[in-house]
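Student: Mind looking over this structure? Questions follow.
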Amino acid sequence: MSAFGKKPGLTPGRPSFGVARPMTGGGSSPTNQQPQPTPAPIPEPQLPEGGEQFPPLHSVDLPGSTPTPQTPMQDAMSRLSERATSVAPVDEGPQGFEASVHKIKEQVLPRLLERVDPEAAASLNKEELTEEFRPIILEVLAELKLTLNRREQFALEKVLVDELLGFGPLEELLGDPDISDIMVNGPLQTYIEKKGKLQIAPIQFRDEEHLFQIAQRIVNQVGRRVDQTTPLADARLKDGSRVNVIVPPLSLRGTAISIRKFSEKPITIDMLKGFGSMSEPMATALKIAGASRMNIVISGGTGSGKTTMLNALSKMIDPGERVLTIEDAAELRLQQPHWLPLETRPPNLEGEGAITIGDLVKNALRMRPDRIILGEIRGAECFDLLAAMNTGHDGSMCTLHANNPRECLGRMENMILMGDIKIPKEAISRQIAESVDMIVQVKRLRDGSRRTTQITEVIGMEGDVIVTQDLFKFEYRDEDADGKIHGEWVAGGVRPYTLEKARQFGFDQPFLEACLG
């Protein structure tokens, strides 16, 4: 039965509800009505026509008529139904050429290790090791009675060198500039993110032991370790990529590795504008905010582009300023000549010797910084950063996880309250309102694009509430057939509260024009 359509069993010739004829006749009661002769059969009505009292129903598909296009609601419900009944594809691992090279590698590697001195191999770089390996690989292939063409031989040399000096199957993914995230869920499943969309990667590890060795090799490079006693570890690669490792018994599917890659080319605000992340007036306002030493908090969810935005804003810092960055795992790559990165230290086996972000912030105040930048605030170190912003370190910046600017302020209050500082909530709110100048909200939309959705100023206090105003806001408009989201950035049309800071650096007029739209 359709929404208004015909019930099962109705006579085909009977008119549908939408084409009923107008009601006529007097208002006599049924008892006074005289028997009427049987009417002649009513012909099948045409869809465009209909009764004068009820319009035709276009949702009813009559026999022989063209099917009516689905409404947005029907389309959405059909997609839900399709998703509910879909079956996840089974990953069969590498296929074709990759599978054959992988199979040959498994046969060659044990014999190769018997002929190689590990200490000597570790002292060579990849190019030198490849040259040394070539005759040995040919010798092993002759023993195994395997004949390879030139392409297969080059591929075999590469995977063997990656296995001994690099990160095994991950090397291929790390070398792809289009991949932004690598997620290893045990030895048999690896996902990657390309252009904001997740997809399965055509790699596999031999077994759990092989994957665990790769994870140890990654964290050992930065002086950290991962095992059953310390099953969590944060690390970084030489190119600045951020790595998180979690091993059994916490991970039930085997060792899990999450790698967040960053572009080798420094990202600027103009590049973000070109990518469609913001409008021209927003880019102008952010450039002025960075150059005018405003205290900025970048808020957003995981993978929304907070670190990329922070790196882009750092381009506007005066080259003559001394900048200190403090992070758990160093991933910021500022574009300044006078930049000193600091990194926390986890506790040792006895649970001692840990250096937290709060410790580094307190120490940084004694290092004569012009600006202090925190990669991410998660706890009581938020209060130390606010104190730095209020004591001559204007232009400090940080990132944190929040869904909107109002929630960002609430999270900052909660993080300070989680610490041991015994001060009333009103005093904490006032400290935030006096320290923070601007909140930049970034978001990854469901089509994979990353947008700057809000730029909000913190004005001050009104009673016990922090007052804010939106300078810019992204408004959703539509979504095309390919799933790409369209919208526009709307200026708030208000006079910016931070105009006085911009005036001190001579940017008041362009800042005002950008914010007024």
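The values are calculated or read from the model by the stated rules, or taken from the named source; none is laboratory data. Just so it is clear, the structure is predicted and the values come from calculations on it, not from any experiment. No Cβ is skipped: glycine too gets one built from the backbone with ideal geometry, and neighbour counts run over all protein chains shown.
Student: Scan the strands (runs of 3 or more DSSP E) fully inside segment 286-371 and keep the ones with 2 or more residues being of a type outside the set (S, T, N, Q) and farther than 26 Å from Gln441 by Cβ.
Tutor: Where strands (runs of 3 or more DSSP E) fall fully within segment 286-371 and carry at least 2 residues being of a type outside the set (S, T, N, Q) and farther than 26 Å from Gln441 by Cβ, they are 339-343.
Student: Among the numbered conditions (1) at pLDDT below 70; (2) surrounded by 10 or more Cβ atoms within 10 Å (Cβ to Cβ); (3) under 30 Å from His210 (Cβ atoms), tell me where Lys105 comes up short.
Tutor: (1)
Student: Within segment 487-506, work out how many residues are under 15 Å from Glu457 (Cβ atoms) and of a type in the set (Phe, Trp, Tyr).
Tutor: 1
Student: Now for a different question. Name the residues in segment 147-202 that are out of contact with any strand residue (DSSP E or B) (no Cβ under 8 Å at 6 or more places or on another chain), outside any loop (DSSP other than H, G, I, E, B) and at pLDDT 90 or above, would you?
Tutor: Correct list: empty.
Student: Can you confirm whether Ser258 is touching a residue at least 60 places away in the same chain (Cβ under 8 Å), in a strand (DSSP E or B), in contact with a strand residue (DSSP E or B) (Cβ under 9 Å, 6 or more places away or on another chain) and surrounded by fewer than 21 Cβ atoms within 10 Å (Cβ to Cβ)?
Tutor: Answer is yes for this residue.
Student: From (1) assigned by the TED database to the domain that holds Leu445; (2) surrounded by 22 or more Cβ atoms within 10 Å (Cβ to Cβ), pick out the condition that doesn't hold for Glu280.
Tutor: Condition (2) is where Glu280 drops out.
Student: Quick check on Asp478: is it farther than 25 Å from Thr307 by Cα and at pLDDT below 95?
Tutor: yes
Student: Pick from Ile355, Ile372: which is in the same structural domain as Glu426 (by the TED database), touching a His at 6+ places or on another chain (Cβ under 8 Å), without any contact (Cβ under 8 Å) to a residue 60 or more places away in the chain and among the β-branched types (Val, Ile, Thr)?
Tutor: Testing whether each residue is in the same structural domain as Glu426 (by the TED database), touching a His at 6+ places or on another chain (Cβ under 8 Å), without any contact (Cβ under 8 Å) to a residue 60 or more places away in the chain and among the β-branched types (Val, Ile, Thr) leaves just Ile372.
Student: Which residues, taken from segment 204-224, are in contact (Cβ under 8 Å) with a residue 40 or more places away in the chain, under 20 Å from Leu252 (Cα atoms) and part of a loop (DSSP other than H, G, I, E, B)?
Tutor: Within segment 204-224, Gln204, Arg206 meet the criteria.
So that you can scan it fast, the table gives a plain yes or no per residue for (1) crowded, with 22+ Cβ neighbours inside 10 Å; (2) closer than 22 Å to Arg242 by Cβ; (3) without any contact (Cβ under 8 Å) to a residue 24 or more places away in the chain; (4) assigned by the TED database to the domain that holds Ile298:
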{"position": "Asp328", "(1), (2), (3), (4)": "no, yes, no, yes"}
{"position": "Leu340", "(1), (2), (3), (4)": "no, yes, no, yes"}
{"position": "Met367", "(1), (2), (3), (4)": "no, no, no, yes"}
{"position": "Glu381", "(1), (2), (3), (4)": "yes, yes, no, yes"}
{"position": "Asp394", "(1), (2), (3), (4)": "no, no, no, yes"}
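Student: What number goes with the only condition from (1) within 22 Å of the chain's Cα centre (by Cα); (2) of a type in the set (S, T, N, Q); (3) in the same structural domain as Thr391 (by the TED database) that Asn244 does not pass?
Tutor: Evaluating Asn244 over (1) within 22 Å of the chain's Cα centre (by Cα); (2) of a type in the set (S, T, N, Q); (3) in the same structural domain as Thr391 (by the TED database) leaves (3) as the failure.
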